[in-house]
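Enquirer: Let me begin by handing over the structure; questions about it come next.
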Amino acid sequence: MDRIRSFQLWLAGVLLAGLILSGSTVSAQEEVASAVRRYKAYEASTGYYEEYEVLPRRQRPLIGVPNIRAGIFPYSPTVAKVRSRAHLADSHQGIRFYKGRQCADCHPAAATDIHTTRANLTCRQCHGDEPIASINYYWSPMNPIRRHAYVCAKCHEGASASYAAYVVHPPNPAMASTFKEFPVLAYSFWIMVAIAVGTFVLFLPHTILWGIREIFIKKKTKENKTIEPDSQNAD
Amino acid sequence: MNPTVKTRIKRFTPLQRVFHLFLMLTFLIQSATGLARMFVETSWGRNLGYLFGGYEASRTVHIYVGIIMLCGLALHIFYILFKINWRNFMSSLYGPDSLLFRFKDVRDLFQHVAWFFGLKKAPEFDRWGYWEKFDYWAVFWGMIILGVTGLLLAYQMAASRIMPGWGLNVALWVHRIEAILAMAHVFLIHFFVGHLRRHNFPMDRAMFEGSVSLDATRHERPAWIARLEQSGELDGVLVSEAMTAQRAIHYVIGFAAIAAGLYLFIGALMNVPYISW
């Protein structure tokens with residue numbers, strides 16, 4: 001019995017080690033064997049980029065576009081039109097003067113995320129060439145069912161569907177509306193801010209008052225010798 | 001000055017000073033590499049990044065130094081477990097030499113604040129003041145928050161297997177705010193209390209030399225000295241002053257750390273308006 005039991009334990013150990021050591025296959029890896037090759041194959045079909053889109057970061061006129069501001073009402077009629085087009089093959093279809101506009105004219109906040117400002121990506125590198133499909137359009141590369149493989153995996157090899165759930169254009173965590181849009185982010189942000197502010201509300205005045213108080217203490221003398229300033233028991 | 005005269009009292013062991021030096025260096029590297037990435041949109045941030053080989057290299061340095069810091073934390077926890085007197089567990093944990101908070105610390109805080117306004121006599125501190133205990137535990141809480149979120153961000157693919165990708169958005173903000181809190185606390189409050197207030201000006205050498213002036217300690221921490229005198233341990237912990245060359249090295253290291261910290265803090269403050277969050 002002991003031998004059978006020890007064999008069972010040994011088998012269980014081997015199976016457990018096998019489970020731990022053999023990583024599960026990431027779905028995107030099956031489709032995208034090489035990120036570079038996949039990227040080139042995909043990009044080769046999209047034509048070329050506009051010159052303004054491939055200039056270095058500081059020269060792109062995307063961030064801080066004047067005269068585009070959200071007012072009391074969240075969307076202008078034009079923006080509302082776009083927002084209600086989440087399933088179209090051409091999400092910008094019928095928008096006036098579309099050809100003369102740049103992405104950030106209507107999407108200023110979308111041009112300030114980390115991918116744009118730090119990784120130096122242009123909009124079209126993810127959203128593709130014209131016509132830009134709505135993200136929920138079935139055949140769109142941006143559709144969540146294939147976004148990880150067609151978009152994220154271009155740079156992040158092995159990206160899974162879970163990985164693609166990262167919000168590339170996150171809302172400002174400090175805004176009240178974020179509690180509805182992305183509650184976990186809003187609560188985490190405000191809890192951390194409360195901890196930071198609480199620490200400084202306590203320790204900053206404490207430190208300043210302590211510093212000031214020590215300036216005004218008297219130096220004690222002992223046997224005609226001046227000793228170090230007594231910060232605690234003086235006065 | 002006669003180097004054989006024992007005018008100082010031993011406060012930190014060599015290993016404790018090594019822990020502090022390790023933390024000081026790694027914290028400054030993490031601050032510099034982290035700010036270099038956060039401020040890459042500004043020339044200040046880019047120049048800072050060049051010190052470590054650029055934007056991408058700063059990330060690599062940040063990740064590896066972060067892992068080294070976490071190893072340091074693990075070693076420190078082992079050190080604590082080794083230092084605990086398991087036979088007198090409770091007194092070891094809550095005794096006057098322990099860094100755990102006691103009710104006396106709360107009382108000391110209020111009495112100390114009252115002393116700021118001249119309302120009460122200053123509290124008689126023992127070996128560790130409440131602000132020192134806060135600094136010590138803040139490192140634990142900060143390193144756990146920064147370490148966990150940092151690992152999630154560093155190994156995003158692995159992280160997205162155990163949580164949805166939007167968890168990385170949350171991790172990024174938690175990492176940022178905690179890092180800003182840690183840097184501001186160290187560069188403003190810790191530096192001021194430990195180095196620049198009148199009692200310690202121009203620099204508290206305790207963490208480098210391992211000892212503090214007996215006279216100054218008698219006045220700042222009378223309860224500690226009285227306890228040592230009562231138990232007859234005082235003579236055993238008295239040491240002489242370090243050599244002049246050693247002290248010069250301590251000052252150079254200390255002032256360099258303060259200068260680096262202030263440079264990072266002021267530079268970051270000046271460039272905040274020019275980055276997109």
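The values are calculated or read from the model by the stated rules, or taken from the named source; none is laboratory data. This is a predicted model, so every value here is computed, not measured. Here the Cβ is made from the backbone with ideal geometry for all residues, glycine too, and neighbour counts use every protein chain on show.
Enquirer: Being crowded, with 19+ Cβ neighbours inside 10 Å, at pLDDT below 90 and part of a helix (DSSP H, G or I) is the filter here, so list the residues in the range B:157-180 that pass it.
Expert: Across the range B:157-180, the qualifying residue is only B:S160.
Enquirer: Let me ask something else. Does B:A154 fit the bill of being touching a residue at least 12 places away in the same chain (Cβ under 8 Å), among the small types (G, A, S) and surrounded by 20 or more Cβ atoms within 10 Å (Cβ to Cβ)? Give the steps one after another, and end with the answer.
Expert: Numbers: touching a residue at least 12 places away in the same chain (Cβ under 8 Å): yes; among the small types (G, A, S): yes; surrounded by 20 or more Cβ atoms within 10 Å (Cβ to Cβ): no.
The answer is no for B:A154.
Enquirer: In this structure, does A:Y163 turn out to be farther than 18 Å from A:H107 by Cβ, buried (at least 19 other Cβ atoms within 10 Å of the Cβ) and touching a Pro at 6+ places or on another chain (Cβ under 7 Å)?
Expert: Taking the combined requirement at face value, the residue does not satisfy it.
Enquirer: Filter the range B:4-24 down to the residues that are of a type outside the set (S, T, Y) and not in a helix (DSSP H, G or I), then identify the one that is farthest from B:L70 (Cα to Cα).
Expert: B:V5
Enquirer: Could you please tell me which pairs satisfy a Cβ distance under 6 Å, a separation of 6+ or placement on different chains, a first residue in the range B:25-37 that is on the phi > 0 side of the Ramachandran plot, and a second residue that is surrounded by 23 or more Cβ atoms within 10 Å (Cβ to Cβ)?
Expert: No pair meets every condition.
Enquirer: Could you grab the pairs with beta carbons closer than 8 Å, sequence gap of 6+ or different chains, first residue in the range A:100-127 and more than 12 Å from chain B (Cβ to nearest Cβ) and among the basic types (K, R), second one surrounded by fewer than 18 Cβ atoms within 10 Å (Cβ to Cβ) and in a helix (DSSP H, G or I)?
Expert: Within 8 Å, the pairs are A:R124/A:E53.
Enquirer: Next question. Which residues, taken from the range A:184-219, are within 7 Å of chain B (Cβ to nearest Cβ) and small (G, A, S)?
Expert: A:S188, A:A196, A:G211
Enquirer: Do the conditions hold for B:E41, that is, is it out of contact with any Gly (no Cβ under 8 Å at 6 or more places or on another chain), loosely packed, with under 15 Cβ neighbours inside 10 Å and within 25 Å of B:I177 (Cβ to Cβ)?
Expert: no
Enquirer: Does B:W131 qualify as being crowded, with 16+ Cβ neighbours inside 10 Å, without any contact (Cβ under 8 Å) to a residue 24 or more places away in the chain and not in a loop (DSSP other than H, G, I, E, B)? Show your work before the answer.
Expert: Details: crowded, with 16+ Cβ neighbours inside 10 Å: yes; without any contact (Cβ under 8 Å) to a residue 24 or more places away in the chain: no; not in a loop (DSSP other than H, G, I, E, B): yes.
Judged against the criteria, B:W131 is not a match.
Enquirer: State whether one or more residues within the range B:135-157 are facing chain A (nearest Cβ under 10 Å), more than 24 Å from the chain's Cα centre (by Cα) and either among the aromatic types (F, W, Y) or farther than 22 Å from B:G72 by Cβ (or both).
Expert: yes
Enquirer: Let me ask something additional. Examine the range B:223-240 for a residue that is in contact with an Asp or Glu (Cβ under 9 Å, 6 or more places away or on another chain), within 14 Å of another protein chain (Cβ to nearest Cβ) and part of a loop (DSSP other than H, G, I, E, B), and state whether such a residue exists.
Expert: No, the range B:223-240 has no match at all.
Enquirer: Condition check: more than 9 Å from chain A (Cβ to nearest Cβ), under 30 Å from A:A194 (Cβ atoms) and surrounded by 18 or more Cβ atoms within 10 Å (Cβ to Cβ). Does B:M183 satisfy that?
Expert: yes
Enquirer: Sticking with this structure for a sec: Which one is modelled with the lowest pLDDT among residues in the range B:220-232 that are closer than 10 Å to B:F125 by Cβ and surrounded by 19 or more Cβ atoms within 10 Å (Cβ to Cβ)?
Expert: So the residue we want is B:E220.
Enquirer: Mind telling me which of the residues B:A216, B:A245, B:A268 ends up being in a helix (DSSP H, G or I) and surrounded by fewer than 17 Cβ atoms within 10 Å (Cβ to Cβ)?
Expert: B:A245
Enquirer: Considering each residue of the range A:166-196, count those that are of a type in the set (S, T, N, Q), surrounded by fewer than 14 Cβ atoms within 10 Å (Cβ to Cβ) and part of a helix (DSSP H, G or I), and give that number.
Expert: 0
Enquirer: Where the second residue is at pLDDT below 70 and the first is assigned to a helix (DSSP H, G or I) and lies in the range A:7-36, which pairs have Cβ atoms under 9 Å and are six or more apart or on separate chains?
Expert: What qualifies is A:E31/A:R38.
Enquirer: Which condition number in (1) surrounded by 17 or more Cβ atoms within 10 Å (Cβ to Cβ); (2) within 14 Å of chain A (Cβ to nearest Cβ); (3) more than 23 Å from B:T13 (Cβ to Cβ); (4) not small (G, A, S) is the one that B:F201 fails?
Expert: (1)
Enquirer: Let me ask something else. Return the residues of the range B:116-134 that are small (G, A, S) and at the interface with chain A (Cβ under 9 Å from one of its Cβ atoms); say none if nothing qualifies.
Expert: Taking the range B:116-134 and keeping what is small (G, A, S), we get B:118, B:122, B:129.
Scanning the range B:116-134 gives B:G118, B:A122.
Enquirer: Mind checking whether some residue in the range B:25-33 is out of contact with any Gly (no Cβ under 6 Å at 6 or more places or on another chain), of a type in the set (V, I, T) and assigned to a loop (DSSP other than H, G, I, E, B)?
Expert: Checking the range B:25-33: not a single residue is out of contact with any Gly (no Cβ under 6 Å at 6 or more places or on another chain), of a type in the set (V, I, T) and assigned to a loop (DSSP other than H, G, I, E, B).
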